[in-house]
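A.B. asks: Provided herewith is a single structure, encoded as structure tokens, for subsequent inquiry.
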Amino acid sequence: MAAPMLRLCCPGRRWALACIDGCSRHRRGAPNGCTSSRKRGQSSVAQQPFITAQKPRKGEHEWAAVVGLEIHAQISSKSKLFSGSQVHFAAPPNSLVSFFDASLPGTLPVLNRRCVEAAVMTGLALNCRINKKSLFDRKHYFYADLPAGYQITQQRLPIAVNGSLVYSFCAGKNRSQVINKTARVKQIQLEQDSGKSLHDDLRSQTLIDLNRAEGQLRVDANISVHHPGEPLGVRTEVKNLNSARFLAKAIDYEIQRQINELENGGEILNETRSFDSKLGCTIPMRDKEGKQDYRFMPEPNLPPLLLYDTESLPAGADPQQVIDIDRIREQLPELPSVTREKLVQQYGMLPEHSFTLLNEVGLLEFFQNVMKETRAEPKKVTSWVLNTLLGFLKQQNLAVSESPVTPSALAELLNLLDRKAISSSAAKQVFEELWRNEGKTPAQIVSEKKLELMQDQEALEQLCHAVMEGHPQVVMDVKKGNPRAINKLIGLVRKVTLSRADPTVIKEILEKKLAS
Amino acid sequence: MLGRTLREVSAALKQGHITPTELCQKCLSIIKKTKFLNAYITVSEEVALKQAEESEKRYKKGHSLGDLDGIPIAVKDNFSTSGIETTCASNMLRGYVPPYNATVVQKLLDQGALLMGKTNLDEFAMGALGSDTGGSTRNPAAHCGLVGLKPSYGLVSRHGLIPLVNSMDVPGILTRCVDDAAIVLGVLAGHDPKDSTTIQDPVKPFVLPSLTDVSKLCIGIPKEYLTPELSSEVRSLWSKAANLFESEGAKVIEVSLPHTSYSIVCYHVLCTSEVASNMARFDGLEYGHRCDIDVSTEAMYAATRREGFNDVVRGRILSGNFFLLKENYENYFVKAQKVRRLIANDFVTVFNSGVDVLLTPTTLSEAVPYTEFIKEDNRTRSAQDDIFTQAANMAGLPAVSVPMALSNQGLPIGLQFIGRAFCDQELLTIARWFEKQVQFPVIQLQELMDDCSSVFENEKLASVSLKQ
């Protein structure tokens, strides 16, 4: 069961963001706003009031919404947070369960070093203060997917606190205006995940899988509304949202629901709701009786987690036994915002394109590999990667890594296009051929399908002349001033040339001839 | 042979005077004869005989694994033993057969010891033997004339020890003499990656030096341990022991552990809280007893736990959960932790003032007859029994009970030595010197059994005089 969780703004099992006020999967406790101390895992994002897109009704003064997120994100590691068992996506149920995961009596948790490093990395990437000493606690409740009857988490003193995340979104007409905002990250905590429950309504039973490697996003959103200047409103919690899309929908719906409720004289209950993705609305979850008291207690089998930096590192310390925050900081990869900025600066890329490039796994690398091998303009490359390549991938629901077209192939194709060896429509054809993955290079395809642009200017002029001769009526139409007639002529020439002539050049020749 | 020390038996095995199988058979025979005592929950006869066979092979080749090869051992039934039912003497784990060995069990088996079986205890060790949370190794040792050692917390792995109070539990060692305890400790001590509370530092092998000169020693006598409930016999033996050290040149001084009177209550709060937490996993779903109700998960939990736990266990769970409630946590749990620190500091202060070891009674009196014993409820009884022993658990210190003499009734009385943290070797060295001085008589079990054969046949328990 102990799949590592860092509750932070990330989905997945390994993440556990601490809930402020010890919220649970079942119920939430405290009223009034998201500013309670979620300790557990989730990095509470966005304490920033955010004006809804809806116009206030009945001429009421405006509303502000406050949203706090508790994100369960799974740490990428080979084994679980506290037990040695492996983590594999989609393994058969209960096939990756160690004695500890099954809560066999006498078993003890052993902290996974890699998970701690991952938590520190995340904390650093989110500008948090890393707590050199953090503690583990037990959070008790009874549920079938929690074999030990408690979950090990970091309620009192989590591994990282007080961070922030700057994010941008594109607004305005054409989504061309980039707005920067900051979300506060309350804390990051390491937490053990519970099992997976599968409800079999037919047989009135619940099946439990203790593997716990779902690899899914899981976010709980806390939402309240208030009038600016007034105290924060009562919040509701919408649980178990498992995609960014649903998260957005649920939040928008809930904000509006609350506004409507309050404007009609109703009140908001501090309750837990779930999101019905089909209906697009939030509905109250079945309430468990009374308040949940988790009876937090320090985890006696895990000593305090001590982290060091170069200054505090004890002399002669075994590097296997200690974690150096500074060393981890040095090894942090370039953060996305920095990468995006570089793309914009280096290639004159539009900011929104830099987002798309980074948001698709492997796409940036693909782009950079193409850039290495082509002389084509960055704008062209960007367009081909984001529109053509990505379009094809999405259509067939493929990941970038599964692309049948390699960066080299695309680079070669773009080079052909760049030196006008082929037309852009021909290039599209070549791309489609490449997609079929028959092992041919762009040059081979061009050759086989005879897609090379005609280079012989004279021959082309002759063909134009022939077409004009053959279609006097159309020529008449052009001379009469019909603007679309020229396209017909161009089309005819293209047909004759088997699309091997650049339409722009054809147009030039025709116009010259028509003029004379 | 069965009354000899580990080294003597080991030597006999090496020299071929007796084979492991013969030894094993003798043990099994006594176990059968004393079955009415209900000391064993599970006797692992087949396993033991097979292990004996393998040990014999090794001895024949001259490849014995060490001092423990072929030696019969018993393990309390709250240690996980692979393939052998482990019940913690509770209905809740009836029929539970673990798939793994506790680290300490594994270490003993790796040394060739023969596992005779799993011994009885109070349900979930809420009052007994082989693990020591509040005195459960030292108390029985004192009552039965054995050496009972509770090592320093963190020295011996708890992996596989079904926990009562994780922050106080320590695997305990019961043997006939201090030397034997040192040998076993030497096998068991050391870091276990599966138990994050074991110390990392490498552990030196436990070879006890021969102590002849105690003049450099300073023995501390905690004055708060002189309670009115202490039986006069124990008090007098305690005094005698102090005088013994003094007469041999040691410095014997009175010391104070001022927070002693709070330790029972403090222990109770912390113990029940941890117990409530540790028992949460017994829900009938993954292993152990499950009731027949399947109306809902919650109904199943409730019935399973009511059927599986006796009322002592249930009582402690309820108390513990009470103390852990949000509104009580500060006042009870946190307060108790603070008091615990004060208790631990009492010892630190005393040891820093030049005291090497503390000498105290282990129990208030000799063993009380069963009919007397059951008059008090478990909580009162525990509180009384543990009064001298649990402070060492609270402070994580090593402590050993050494049998000193027989009472007027012919029952054993032992005294306790408490040492500095991780100074188990020094502690045992002093204990061994004391043992040599007092020459506690070895029990003649065969004679005893012959004398009382009629009693045994009738399967009646009685207070039996061991007077020689």
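The values are calculated or read from the model by the stated rules, or taken from the named source; none is laboratory data. Remember, it's a predicted structure, so these values are computed and weren't measured experimentally. Here Cβ is always computed from backbone atoms with ideal geometry, including for glycine, and neighbour counts include all displayed protein chains.
A.B. asks: Given the condition at positive phi, charged (D, E, K, R) and away from chain B (no Cβ under 14 Å), answer yes or no: does some residue in region A:252-272 qualify?
C.D. replies: no
A.B. asks: For region B:37-44, state whether one or more residues are β-branched (V, I, T), out of contact with any strand residue (DSSP E or B) (no Cβ under 6 Å at 6 or more places or on another chain) and at pLDDT below 95.
C.D. replies: no
A.B. asks: Here's a follow-up. Of all residues in region A:281-306, count the ones that are in contact (Cβ under 8 Å) with a residue 24 or more places away in the chain, loosely packed, with under 15 Cβ neighbours inside 10 Å, out of contact with any Asp or Glu (no Cβ under 9 Å at 6 or more places or on another chain) and not in a strand (DSSP E or B).
C.D. replies: The number of residues fulfilling the criteria is 3.
A.B. asks: State the number of residues belonging to region B:72-93 that are at the interface with another protein chain (Cβ under 10 Å from one of its Cβ atoms), in contact with a helix residue (DSSP H, G or I) (Cβ under 6 Å, 6 or more places away or on another chain) and of a type outside the set (S, T, N, Q).
C.D. replies: Matching residues across region B:72-93 total 3.
A.B. asks: Every residue in region B:300-329 that is within 12 Å of chain A (Cβ to nearest Cβ), farther than 12 Å from B:V269 by Cα and surrounded by fewer than 17 Cβ atoms within 10 Å (Cβ to Cβ), please.
C.D. replies: Of everything in region B:300-329, those that are within 12 Å of chain A (Cβ to nearest Cβ), farther than 12 Å from B:V269 by Cα and surrounded by fewer than 17 Cβ atoms within 10 Å (Cβ to Cβ) turn out to be B:A302, B:L325, B:K326, B:E327.
A.B. asks: Pick from region B:94-111 the residues that are crowded, with 23+ Cβ neighbours inside 10 Å and within 23 Å of B:L6 (Cβ to Cβ): which of them is nearest to the other protein chains (Cβ to nearest Cβ)?
C.D. replies: B:A102
A.B. asks: Scan region A:191-239 for residues that are crowded, with 22+ Cβ neighbours inside 10 Å, within 14 Å of chain B (Cβ to nearest Cβ) and not polar (S, T, N, Q) and report the count.
C.D. replies: Going through region A:191-239 one residue at a time, the tally reaches 2.
Condition check ((1) away from chain A (no Cβ under 14 Å); (2) at negative phi; (3) of a type outside the set (G, A, S); (4) touching a residue at least 24 places away in the same chain (Cβ under 8 Å)) across all residues:
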{"residue": "B:E233", "(1), (2), (3), (4)": "yes, yes, yes, yes"}
{"residue": "B:W238", "(1), (2), (3), (4)": "yes, yes, yes, yes"}
{"residue": "B:A241", "(1), (2), (3), (4)": "yes, yes, no, yes"}
{"residue": "B:G249", "(1), (2), (3), (4)": "yes, no, no, yes"}
{"residue": "B:T260", "(1), (2), (3), (4)": "yes, yes, yes, yes"}
{"residue": "B:S263", "(1), (2), (3), (4)": "yes, yes, no, yes"}
{"residue": "B:N278", "(1), (2), (3), (4)": "no, yes, yes, yes"}
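A.B. asks: If I ask for residues that are surrounded by fewer than 20 Cβ atoms within 10 Å (Cβ to Cβ) and either of a type in the set (A, V, I, L, M, F, W, C) or in contact (Cβ under 8 Å) with a residue 60 or more places away in the chain (or both), which ones from region A:432-452 would you list?
C.D. replies: If the condition is that a residue be surrounded by fewer than 20 Cβ atoms within 10 Å (Cβ to Cβ) and either of a type in the set (A, V, I, L, M, F, W, C) or in contact (Cβ under 8 Å) with a residue 60 or more places away in the chain (or both), then A:W435, A:A443 are the ones that fit.
A.B. asks: Considering only residues that are in contact with a helix residue (DSSP H, G or I) (Cβ under 7 Å, 6 or more places away or on another chain), closer than 17 Å to B:G66 by Cβ and either among the basic types (K, R) or loosely packed, with under 15 Cβ neighbours inside 10 Å (or both), which ones fall in region B:1-13?
C.D. replies: Result: B:R7, single match.
A.B. asks: Also, I was wondering about something else. Out of contact with any helix residue (DSSP H, G or I) (no Cβ under 7 Å at 6 or more places or on another chain), surrounded by fewer than 17 Cβ atoms within 10 Å (Cβ to Cβ) and in contact (Cβ under 8 Å) with a residue 12 or more places away in the chain: does that describe B:T34?
C.D. replies: Details: out of contact with any helix residue (DSSP H, G or I) (no Cβ under 7 Å at 6 or more places or on another chain): yes; surrounded by fewer than 17 Cβ atoms within 10 Å (Cβ to Cβ): yes; in contact (Cβ under 8 Å) with a residue 12 or more places away in the chain: yes.
Here the answer is yes, as B:T34 does meet what is asked.
A.B. asks: Here is a check on your reading of the model: is A:L157 within 26 Å of B:S167 (Cα to Cα) and within 14 Å of chain B (Cβ to nearest Cβ)?
C.D. replies: Against the criterion (within 26 Å of B:S167 (Cα to Cα) and within 14 Å of chain B (Cβ to nearest Cβ)), A:L157 does not qualify.
For (1) within 14 Å of chain A (Cβ to nearest Cβ); (2) at pLDDT 95 or above; (3) surrounded by fewer than 17 Cβ atoms within 10 Å (Cβ to Cβ), each residue gets a yes or a no:
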residue: B:Y332; (1), (2), (3): yes, yes, no
residue: B:S353; (1), (2), (3): no, yes, yes
residue: B:E366; (1), (2), (3): no, no, no
residue: B:N378; (1), (2), (3): no, no, no
residue: B:D385; (1), (2), (3): no, no, no
residue: B:T389; (1), (2), (3): no, no, no
residue: B:G396; (1), (2), (3): yes, yes, no
residue: B:N408; (1), (2), (3): no, no, yes
residue: B:I413; (1), (2), (3): no, yes, no
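A.B. asks: If you take the residues of region A:86-123 that are touching a Gly at 6+ places or on another chain (Cβ under 7 Å) and in contact (Cβ under 8 Å) with a residue 24 or more places away in the chain, which of them is farthest from the other protein chains (Cβ to nearest Cβ)?
C.D. replies: Applying the filter and picking the extreme gives A:F89.
A.B. asks: Let me ask something else. Based on what the data block shows, is B:G154 on the phi > 0 side of the Ramachandran plot and either in contact with a strand residue (DSSP E or B) (Cβ under 8 Å, 6 or more places away or on another chain) or not hydrophobic (A, V, I, L, M, F, W, C) (or both)?
C.D. replies: So B:G154 fits the description; yes.
A.B. asks: Moving on to the next point. Give the residue that is farthest from the other protein chains (Cβ to nearest Cβ), with candidates limited to residues of region A:124-154 that are among the small types (G, A, S) and under 17 Å from A:P300 (Cα atoms).
C.D. replies: Filtering region A:124-154 for residues that are among the small types (G, A, S) and under 17 Å from A:P300 (Cα atoms), the one farthest from the other protein chains (Cβ to nearest Cβ) comes out as A:S134.
A.B. asks: Any residue at all in region B:46-55 that is modelled with pLDDT of 95 or more, surrounded by fewer than 22 Cβ atoms within 10 Å (Cβ to Cβ) and under 23 Å from B:Q446 (Cβ atoms)?
C.D. replies: Scanning region B:46-55 turns up at least one residue that is modelled with pLDDT of 95 or more, surrounded by fewer than 22 Cβ atoms within 10 Å (Cβ to Cβ) and under 23 Å from B:Q446 (Cβ atoms).
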